[in-house]
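Quick notes on the structure that follows.
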Ligand code: NAP
Ligand code: F7E
């Protein structure tokens, strides 16, 4: 394996954030694959780390320095002998170079990003730096470290690239029309990969992923914002939910399925770009209605535009949903619905298409549910968690707790998530209400 380029000789002292890590994690002599995940502390990064550890990878994650804790999604992995975290930032070229020259990953999953579309309008230059130029930094670091023949690279591209959509549904050949600084930055990244793939023959793949959610979704994205609010309203600790454009439509899937898709994309012999999507679309309005139904409230609507309100059908005076223009975006993406045919045909493992096997409903099988049911599963999981008050509790392993609910609802993965152990841990944990 190469490693003697400009960065190859750079000395680095990785941050030993987790305790009791054997030094062998940096060597790849025993045939174990080595993966580097940027954005490991995010929704997708945490699921991907778990997924790769189960596949016996050595997993290195990049964590941003923060004055407050940003590790709650991965803390349960700290003691894993094959997991290690390193301080880093996509805005720091030397840091990226040093990490790559030390770790010499076989696979890089670039999930790190300023990922909030609305916020990108307020922080456009920073977003371009992290989500756009940051990717180029990583690609150059691979080349500088002489890893371009051995290292595969996954880029977290996005359905936001389609923006003001030119075609319905959207597929790999649909022209892009980005509608936010976030999407513009991601377009720069997308084409940087294609260019380096063609110019230098590197194994670089874009996953064009449509929205995917989970109990680990950040609380300011619309699905979690709604379900948390519904639960709080149900508990009597919140009176109303304020939203922006409730007529936007999204193709929502489950993050756990999508991280498996990321891995499968990198297992292809030839690098390529793939849409991962469910092929169904639902409006934010519909999500609101279904979420309230979970707590026994039927929402009815009256008024128009900013004056529209959602009220409890059992009590006309009980307004539960209001429109607040502060949540509108300067330019909106109205409708996203993906066509994942290429991935379904193209991503095959061991002669069998197992892509989106458990929660996507792409055929028969005992664990399979319909795509619509999957949408409700995400919704129910959020609501169940919040209704039970868990968003108000601090437990050491709340990520795992959330997974337990996923397992219960979807009836999959029960064994692998060791429900009994989780419950025991929760009971023993010093729970405090905040
Ligand atoms: P997320 O929960 O917001 O996680 C983003 C991660 O990036 C966090 O770990 C964050 O660190 C890290 N990060 C932010 N700025 C960074 C920087 N300057 N340097 C290094 N790391 C940085 O996002 P996600 O939902 O897991 O999405 C993962 C990736 O997929 C993102 O690139 C996103 O744009 C893309 N994507 C997401 C979706 C979706 O529906 N979820 C769909 C398509 C594409 P902190 O924890 O410290 O903030
Ligand atoms: O908004 C509307 C909003 O913020 C969904 C990121 O992971 O997926 C995500 O981006 C829709 C939009 O996700 C509120 O206007 C209404 O139309 O949950 P979101 P997003 O913008 O689709 C893509 C694929 C990514 O790549 C991104 O990284 O919901 N909406 N009212 C609202 N959205 C929010 N956040 N808050 C509201 O109050």
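The values are calculated or read from the model by the stated rules, or taken from the named source; none is laboratory data. Just so we're clear, the structure is a prediction, and the values are computed from it rather than from any experiment. Backbone-built Cβ (ideal geometry, glycine too); neighbour counts: all protein chains shown.
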* To do: Tally the residues that are touching a helix residue (DSSP H, G or I) at 6+ places or on another chain (Cβ under 7 Å) and within 11 Å of ligand 1 (Cβ to nearest atom), restricting the search to segment 212-238.
  => 10
* To do: Consider only pairs whose beta carbons are under 7 Å apart and that are at least six residues apart or on different chains; among these, list those whose first residue lies in segment 113-126 and is away from ligand 1 (no atom under 13 Å from the Cβ) and whose second residue is outside any loop (DSSP other than H, G, I, E, B).
  => 121/181; 124/181
* Which one of the conditions (1) more than 25 Å from residue 280 (Cβ to Cβ); (2) within 10 Å of ligand 2 (Cβ to nearest atom); (3) not in a helix (DSSP H, G or I) does residue 120 fail to meet, given that it meets all the rest? -> (3)
* To do: Write out, first by first residue and then by second, each pair whose Cβ atoms fall under 6 Å of each other, whose residues are 6+ apart or on separate chains, and whose first residue, in segment 30-48, is part of a helix (DSSP H, G or I) while the second is at pLDDT 95 or above and within 14 Å of ligand 2 (Cβ to nearest atom).
  => 44/111; 45/39; 45/111
* Structure fact -> Across (1) within 13 Å of ligand 1 (Cβ to nearest atom); (2) buried (at least 24 other Cβ atoms within 10 Å of the Cβ); (3) in a loop (DSSP other than H, G, I, E, B), residue 147 clears everything bar (1)
* Asked: For segment 279-289, does any single residue satisfy the condition of being under 30 Å from residue 143 (Cβ atoms) and in contact with a helix residue (DSSP H, G or I) (Cβ under 7 Å, 6 or more places away or on another chain)?
  -> no
* Asked: Which condition breaks for residue 171 when tested against (1) over 15 Å from residue 110 (Cβ atoms); (2) touching a strand residue (DSSP E or B) at 6+ places or on another chain (Cβ under 6 Å); (3) more than 16 Å from ligand 1 (Cβ to nearest atom)?
  -> (3)
* Asked: Looking at segment 98-116, which of its residues are under 21 Å from residue 326 (Cβ atoms) and surrounded by fewer than 22 Cβ atoms within 10 Å (Cβ to Cβ)?
  -> 114, 116
* Asked: What number goes with the only condition from (1) buried (at least 24 other Cβ atoms within 10 Å of the Cβ); (2) in a helix (DSSP H, G or I); (3) touching a strand residue (DSSP E or B) at 6+ places or on another chain (Cβ under 8 Å) that residue 52 does not pass?
  -> (1)
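Condition check ((1) more than 28 Å from residue 289 (Cα to Cα); (2) within 13 Å of ligand 2 (Cβ to nearest atom); (3) modelled with pLDDT of 95 or more) across all residues:
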site: 189; (1), (2), (3): yes, yes, yes
site: 196; (1), (2), (3): yes, no, yes
site: 207; (1), (2), (3): yes, yes, yes
site: 211; (1), (2), (3): no, yes, no
site: 214; (1), (2), (3): no, yes, no
* To do: Identify, by number, the condition in (1) without any contact (Cβ under 8 Å) to a residue 60 or more places away in the chain; (2) more than 10 Å from ligand 2 (Cβ to nearest atom); (3) surrounded by 24 or more Cβ atoms within 10 Å (Cβ to Cβ) that residue 139 doesn't meet.
  => (1)
* Assess whether residue 179 counts as being buried (at least 20 other Cβ atoms within 10 Å of the Cβ), touching a residue at least 40 places away in the same chain (Cβ under 8 Å) and either in a loop (DSSP other than H, G, I, E, B) or over 22 Å from the mean Cα position of the chain (by Cα) (or both). => yes
* So which residues in segment 212-227 are in contact with a strand residue (DSSP E or B) (Cβ under 9 Å, 6 or more places away or on another chain) and either part of a helix (DSSP H, G or I) or crowded, with 22+ Cβ neighbours inside 10 Å (or both)? -> 212, 213, 214, 222, 223, 224, 225, 226
* To do: Look at residue 198 and say whether it is surrounded by fewer than 18 Cβ atoms within 10 Å (Cβ to Cβ) and farther than 28 Å from residue 35 by Cβ.
  => no
* Asked: Does at least one position in segment 86-93 carry a residue that is surrounded by fewer than 17 Cβ atoms within 10 Å (Cβ to Cβ), away from ligand 2 (no atom under 16 Å from the Cβ), at negative phi and at pLDDT below 95?
  -> no
* Structure fact -> Out of (1) near ligand 2 (Cβ under 10 Å from one of its atoms); (2) surrounded by 19 or more Cβ atoms within 10 Å (Cβ to Cβ); (3) farther than 20 Å from residue 289 by Cβ, the one residue 252 does not meet is (3)
* To do: Could you look through segment 216-249, keep only residues that are closer than 18 Å to residue 296 by Cα and modelled with pLDDT of 90 or more, and pick out the one that is farthest from ligand 2 (Cβ to nearest atom)?
  => 239
